[in-house]
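No value in this document is a laboratory result; all are computed from the given coordinates. Here the structure is a predicted model, which means the values were calculated and not measured. Quick reminder, even Gly has a Cβ in these numbers, built from the backbone with ideal geometry, and neighbours come from all protein chains shown.
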Amino acid sequence: MELNGEQLIAAPVSRVWLGLNDVSILHASIPGCEEIERISDEEVRAKVMFKIGPVRARFAGKLILSDIVPDVSCSMAFEGTGGAAGFAKGKARVELIGTESGTLVRYSTEASIGGKLGQIGGRLISASAKKIADDFFLAFAKELGGELITLSDTKVEDKKEE
């Protein structure tokens, strides 16, 4: 499964970066998050309750960060298990781009899913993953004291000087 997208958050890059690295903000933003803790600068562990189609399960997993460039980007490898419901593992890349309106968060994710979840149709899994991502960014923007800006209503231009 692949999930790629962009979200424009009405907050400066530095605040978005700090929020993405603050476990209390992530706890409040991740749908179904029950526990989250930072093990080290590169490792985060979490327990999350997900419902995807007819399958509801509590996943315990870890996230390993790499290629970290503060206020710019990072890569992540993740894996989680949900007992009989199955497992998920994959990798993601997140980039932050400063704009006149705030911060454009660009993400790309590749994941493989097995167990009962793997038996659910790909469209249902993709739709559920997209909704979880959208719900995360909406809550995350509110936690930062900003809001999501609809990309179709806004012309996004990088603030980078040429």
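Relative to the longest principal axis of the Cα atoms of the chain, the long axis of helix 122-143 makes an angle of roughly 50 degrees.
The slack in the chain from GLU6 to SER66, taken as 0.36 nm per residue of separation less the alpha-carbon distance, amounts to 19.5 nm. Going from the fewest other Cβ atoms within 10 Å to the most, the residues THR109, THR150, THR103 appear in the order THR150, THR109, THR103. Stretched out straight at 0.36 nm per residue, the stretch from GLU43 to TYR107 would grow longer than its current Cα-Cα span by 21.1 nm.
Mean sequence separation of contacting Cα pairs (under 8 Å, at least six apart), scaled by the length of region 2-152, corresponds to a relative contact order of 32 percent.
With only alpha-carbon pairs counted, each pair once and no self-pairs, how large is the Kirkwood hydrodynamic radius of the chain in angstroms? So the Kirkwood estimate lands at 16.4 Å. What net charge do the residues around ASN4 carry, taking every other residue with its C-beta under 14 Å from that of ASN4, with Lys and Arg at +1 and Asp and Glu at -1? Residues close to ASN4 contribute a combined charge of -1.
So which GluC sites (Glu not before Pro) in region 99-155 pass both tests, a DSSP loop state and at most 14 other Cβ atoms within 10 Å of the Cβ? Mind showing how you got there, number by number?
Details: sites: GLU100, GLU110, GLU143, GLU147; in loops: GLU100, GLU147.
For GluC sites (Glu not before Pro) across region 99-155 that sit outside H, G, I, E and B with at most 14 neighbouring Cβ atoms in 10 Å, the list reads GLU100, GLU147.
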